[in-house]
Amino acid sequence: MTVKEAMAFLYDEGKNVSRPGLERMNELLEKLGSPQRDCAFVHVTGTNGKGSFCHILSGIMTAAGCRTGVYTSPALTDIYERIVIDGKSITPRRLAGLVSAIKDAAATMEDVPTRFELETALAFLYFAREKCDLVILEVGMGGALDATNVLQSNVLSVIMNISLDHTRELGATVQEIAAVKSGIIKSGSPCVFYGEDREALPVIREKCLAGNSELVVPDRNCLKTGKITPAGSSFSYKRWQDIFLPLTGKYQIFNAVTVLEALDVLARRGFPVEAEKVRDSFAKLPPIRGRFEIVRREPYVIYDGAHNPGGFEALFDSLREVFGSFKAIVIMGVMRDKDYTRCLRIAAPHVKKLYAVTPDNKRSLKGEALAECARKAGIDAEALAAPEKLLLKEVKKAAKDDIILICGSLYLYRDAARWIKAVKAERVVKAERVVKAAKSVKAAKSPDAGAGKDLNNEAKEKKMITIAIDGPSGAGKSTVAKALAKEFNIGYLDTGAMYRTAALYMDRRLPTLAAEVAEGAIHEETQKAIVGLLDGADIRVLYDENSVQHMYIGDEDVSGLIRTPVISMEASKVSAIPEVRVFLVDMQRKIGETTSVVMDGRDIGTHVMPGATVKIYLTASAEERARRRYLELIEKNPDTVYEDVLKDIVDRDYGDSHRAVSPLRQAGDAVLLDTTELSLEESIAAAVKIVRDVVSPGAGL
């Protein structure tokens with residue numbers, strides 16, 4: 001089964017999204033061999049905080065060496081992100097293979113499984129086959145009759161904050177909702193309750209007593225919190241002292257305390273929990289998408305998936321904690337079955353202007369209806385059809401401390417991601433500030449200046465523009481570098497092509513090279529071997545009278561080995577750059593000083609970097625780099641599903657290792673451009689803007 005076929009089966013319009021009841025789920029799992037019996041589970045329910053709890057606990061348990069699976073809902077962007085092991089999403093090929101087995105089993109059932117049941121069965125099957133030590137399982141809705149509640153036993157039940165939501169399905173009071181959610185508690189297994197709502201506590205306590213289950217409730221009298229900032233917060237709780245939590249929002253501290261109580265239970269049940277490692281793991285937690293996610297600063301653009309009154313109270317409490325008194329521009333979209341009227345009343349005192357949008361979902365409330373309701377709550381509001389243009393306009397005119405808040409639904413995230421991309425492409429996206437960078441470069445005084453000067457002298461003589469591009473595999477550096485060369489009509493030096501040619505030349509001395517070149521990648525150890533074998537060798541790239549490129553290693557012409565041009569340049573520029581010399585020991589480039597050039601590759605070298613006019617380090621998440629490579633492969637061969645695409649990038653986190661050795665990063669003054677959420681066109685536009693910001697118009701660009 002191909003990925004396309006798997007998606008078509010799962011998301012067939014004729015399928016029900018969900019229906020209460022466990023009969024179909026039990027039948028389906030029995031036909032699949034009951035995979036839910038092969039793992040230990042932490043089962044998580046609640047009105048708000050479930051996703052954050054799962055994120056924090058899974059990060060800590062993975063860091064402790066426990067093979068940890070996580071199943072969450074809903075998806076912010078796609079199904080892959082909902083089924084995760086040790087922080088890595090299920091691959092498209094694995095998903096397609098498992099869906100094939102599930103489709104065969106479902107075909108024999110009279111009562112057709114719902115979409116959520118199929119997705120949940122898929123997760124159970126994946127975690128069982130991957131032999132997870134622990135699975136953190138988030139309930140879809142409610143608890144007692146949710147498709148996840150087919151477990152005969154679990155290691156721990158967790159009930160997060162309970163408030164009014166899904167009242168038509170779960171009940172009109174907190175007590176009724178608590179009774180449904182406490183249905184996940186298993187006899188003899190402990191339960192941790194978030195503990196804020198005292199109406200829910202008696203219901204949960206009664207359920208635990210009936211099943212002889214230990215009930216653990218955090219004691220907030222033992223909680224000491226430090227300052228809450230946009231970067232995170234610090235707190236101490238019982239034996240856990242001076243924990244830094246890199247997640248913004250006061251409610252995240254309460255979620256973290258619930259995780260600490262869960263960790264104590266897991267420790268008693270034999271799972272690896274060490275206090276010092278836990279403290280370190282908290283500090284290294286990645287951000288949570290869609291939960292007080294700060295997508296931009298100066299001005300602040302914040303996305304939060306708050307979608308019910310409890311979530312809105314937590315969100316605006318946290319905003320007050322971080323920013324004090326504030327008035328925000330709010331872009332809001334909601335589902336029509338939510339209590340959006342009460343949400344608007346909670347937000348009203350802090351809203352300068354509200355723009356109502358319609359999320360791309362069948363359950364959405366029309367933006368016009370939301371705007372009308374907001375005006376009744378005393379909010380200046382209007383419906384909006386083109387949020388990305390509005391967001392861009394507001395960002396441009398906002399002061400650096402202003403707040404633009406996007407909220408109302410997790411289903412809004414996919415739409416909001418498109419708007420945010422426009423904002424990120426408009427400005428230079430920096431993960432670190434530029435420590436030092438040339439603000440202007442004078443045009444060359446003499447077009448006849450002699451060639452052969454070291455590139456690092458360029459900074460002193462200011463007769464040449466050099467744009468250095470670096471970044472890990474899959475970040476898009478070659479594509480961006482080539483686009484810059486075309487944009488500014490300058491040369492492009494592809495150091496990767498130079499390495500590949502040298503690798504082919506050395507094939508007889510390094511037999512592993514041929515296979516690596518065929519795969520399209522030369523591994524780090526092989527690169528080191530090439531440098532060692534060619535220590536001191538003079539590598540030159542020359543052009544003949546017909547502008548044909550030739551490459552020499554020493555005196556030997558290796559031009560026949562060139563698979564892609566080492567240098568790309570307009571014919572009119574060739575005469576200005578007759579020769580490029582490369583010494584692989586120090587990677588020093590010698591280029592005619594009147595010519596501008598773009599270089600890319602990790603082997604640019606420390607001798608080049610001090611003289612580069614503009615230095616850009618592209619970065620992207622490992623998952624995004626793997627996704628891009630996967631799409632490239634699918635485009636070349638759409639009938640093939642590739643398994644473990646760029647496994648070395650994701651598993652070994654090549655991005656981190658590359659940052660540690662990159663001369664450009666070590667130089668300390670590179671502009672960092674995060675392309676994780678940018679399209680190819682947006683990445684190029686941002687890079688062009690970086691160059692224009694650094695290089696004055698007088699430099700000829």
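Points to keep in mind about this one:
- Semi-axes of the equivalent ellipsoid for region 38-105, computed as √(5λ) from the eigenvalues of its C-alpha gyration tensor and ordered from largest down, come to 22, 15, 12 Å.
- Per residue solvent-accessible surface (Å²) - region 21-159, probe of 1.4 Å: 31
- Placed amide H near Leu245: partners under 5 Å, 5+ positions off or other chain: Ser233, Ser234, Phe235
- Scattering profile of region 299-391 at q = 0.16, 0.21, 0.24 Å⁻¹ [log10 I(q)/I(0), Debye over alpha-carbon scatterers]: -0.61, -1.08, -1.41
- Sites listed here are GluC sites (Glu not before Pro) in region 24-120 whose DSSP assignment is loop and whose Cβ has at most 10 other Cβ atoms within 10 Å: Glu110.
- Scattering curve values for region 1-78, log₁₀ I(q)/I(0), Debye with Cα scatterers, q = 0.13, 0.18 Å⁻¹: -0.64, -1.17
- Amide H contacts of Leu365 (H built 1.01 Å from N, in plane; Pro and chain starts excluded): Val334, Met335, Arg336 sit under 5 Å, all sequence-distant by 5 or more or on other chains.
- Global form of region 32-175, assessed from the alpha-carbon gyration tensor, a/c cut-off 1.5: oblate
- Rg and Dmax, both from the Cα atoms of region 264-311 and both in Å, are 16.4, 47.
- Proximity of backbone amide H atoms, modeled 1.01 Å from N, is registered between Val301 and Val295, Arg296, Ile404 at under 5 Å, excluding neighbours fewer than 5 places apart on the same chain.
- Solvent-free Debye scattering, log10 I(q)/I(0), computed from the Cα coordinates of region 233-290 at q = 0.25, 0.27, 0.28 Å⁻¹: -1.11, -1.24, -1.30
- Segment Lys277-Leu22, length gained on full extension (0.36 nm per residue, minus Cα span): 87.9 nm
- Electrostatic bookkeeping for Leu122 treats Lys and Arg as +1 and Asp and Glu as -1; over the other residues with beta carbon under 12 Å from its beta carbon, the sum is +3.
- Evaluated with a Cβ-only charge set (Lys, Arg +1; Asp, Glu -1), region 1-156 carries a dipole of roughly 380 debye about its Cα centre, given to the nearest 20.
- The calculated FRET efficiency for the pair Gln152 and Ala267, based on their C-beta separation and a Förster distance of 25 Å, comes to about 0.60.
- Projected label points at Arg297 and Ala231, each 7 Å from Cα along the beta carbon direction, are separated by 0.8 nanometres.
- DSSP-assigned coil residues among trypsin sites (Lys or Arg not before Pro) in region 316-360, each with at most 13 further Cβ atoms within 10 Å: Lys327, Arg336
- Environment charge at Asp304 (Cβ cut-off 11 Å; Lys +1, Arg +1, Asp -1, Glu -1): +1
- Counted by Cβ distance under 13 Å from Phe316, the other residues give a net charge of +1, where Lys and Arg count +1 and Asp and Glu count -1.
- If the segment from Leu209 to Arg336 were pulled out straight at 0.36 nm per residue, it would be longer than the present Cα-Cα gap by 41.9 nm.
- Antiparallel DSSP beta bridges within region 289-390, percent to nearest 5: 35
- Expressed as a fraction of 2.2 N^0.38 Å, the value expected for a compact globular protein of N residues, the C-alpha radius of gyration of region 179-326 is 1.15.
- Shown in residue order for region 248-261 are the 3J(HN,Hα) couplings computed by the Karplus curve 6.51 cos²θ - 1.76 cosθ + 1.60 at θ = phi - 60°: 7, x, 4, 5, 5, 5, 5, 4, 5, 5, 4, 4, 4, 5 Hz (x for Gly and Pro).
- Those trypsin sites (Lys or Arg not before Pro) in region 151-198 that DSSP places in a loop and that have at most 11 other beta carbons within 10 Å: Arg198
- At 1.567 mPa s and 4 °C, Stokes diffusion of region 269-344 via Kirkwood alpha-carbon radius, µm² per second: 86
The values are calculated or read from the model by the stated rules, or taken from the named source; none is laboratory data. These figures come from a predicted structure and were not determined experimentally. Quick reminder, even Gly has a Cβ in these numbers, built from the backbone with ideal geometry, and neighbours come from all protein chains shown. When the accessible area is computed, the model is the full protein with side chains, heavy atoms only, and any ligands, DNA or RNA have been set aside. Shrake-Rupley method; radii C 1.70, N 1.55, O 1.52, S 1.80 Å.
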